[in-house]
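What follows is a set of notes on a single structure, which appears directly below.
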Amino acid sequence: MSKATRMILLGPPGAGKGTQAVRLVEALGVPQISTGDLLRAARKAGTPLGLKAKAYMDAGELVPDDLVVALVEERLREADAQAGYILDGFPRTTAQAEALATRHVEIQRVINLEVPDDEVVRRLAGRRICRACGASYHVEFARTKVEGVCDRCGGETYQRADDSDEVILKRQAVYTEQTAPLIAFYRAEGNLRSVSAVGTTDDVYAAIWDALSI
Ligand code: AMP
């Protein structure tokens, strides 16, 4: 049985989309396309898009659809995305899903990662990210060997500004209002599979792997 290589990882912030995407990249040899990472890179580089996105991101709100759709369209045209991709954090609104559908490239699988609200808060509030390579850690569940230093590349780890308690609540509300309706959108297309994102990283990965069989 072959595996889907054009897929979407759907789920609330903190569901583990980024963590699972890293493993899927290795197994499938297709790139992870994370709009959150692309936007953070644009901010770091000080591009006009990065400047526009800043206020939305800091407030936990969504960056306007037209900006994000243009960003993804450009990324999907790159050579490494022609054999497939793992979309992480996109689409996040019905308008974005509709824009993606107009490309006429079939999304073979939508993996919906399910995780309870209180678990999401615990995960996000303790999350730490490497400034240099983007690796993700947790102060309780996935500690770095040396505090504040990335195991993978030695870079400095930090807490994202939008992983503060107040902004986490806002991001959850935004997810419920604007992104959760995509579950029904993709269920109607028949390619959605829901996977429990509670359990070890290995357990969740195994469940995703099974759900990618096409
Ligand atoms: P993430 O790293 O996926 O949690 O995204 C961080 C922030 O980037 C979000 O809270 C939004 O402000 C913005 N963002 C990421 N992806 C999107 C998207 N598809 N549409 C709108 N805003 C996005």
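Here Tyr158 meets each of (1) buried (at least 16 other Cβ atoms within 10 Å of the Cβ); (2) in contact (Cβ under 8 Å) with a residue 24 or more places away in the chain with one exception, condition (1).
What are the residues in the range 193-214 that are free of Cβ contacts under 8 Å to residues at least 60 places away in the same chain and not acidic (Asp, Glu), if any?
Gly199, Thr200, Ala206, Ala207
The criterion of at least 2 residues that are of a type outside the set (Gly, Ala, Ser) and in contact with a Phe, Trp or Tyr (Cβ under 9 Å, 6 or more places away or on another chain) is met by the following strands (runs of 3 or more DSSP E) wholly inside the range 124-214: 127-130.
Remark: pairs (first residue in the range 77-92, on the phi > 0 side of the Ramachandran plot; second residue among the hydroxyl-bearing types (Ser, Thr, Tyr); Cβ separation under 6 Å; 6+ apart in sequence or on different chains) = Gly84/Thr5; Gly89/Ser34; Gly89/Thr35.
Could you tell me which residue of the range 196-212 is farthest from Lys3 (Cα to Cα), considering only residues that are of a type in the set (S, T, N, Q) and modelled with pLDDT under 95? Across the range 196-212, the extreme among qualifying residues is Thr200. Scan the range 1-30 for residues that are more than 30 Å from Leu169 (Cα to Cα) and not hydrophobic (A, V, I, L, M, F, W, C) and the total you get is 6.
The values are calculated or read from the model by the stated rules, or taken from the named source; none is laboratory data. Since this is a predicted model, take the numbers as computed values, not measurements. Using ideal geometry, Cβ is built from the backbone for each residue, glycine included, and neighbour counts are taken over all protein chains shown.
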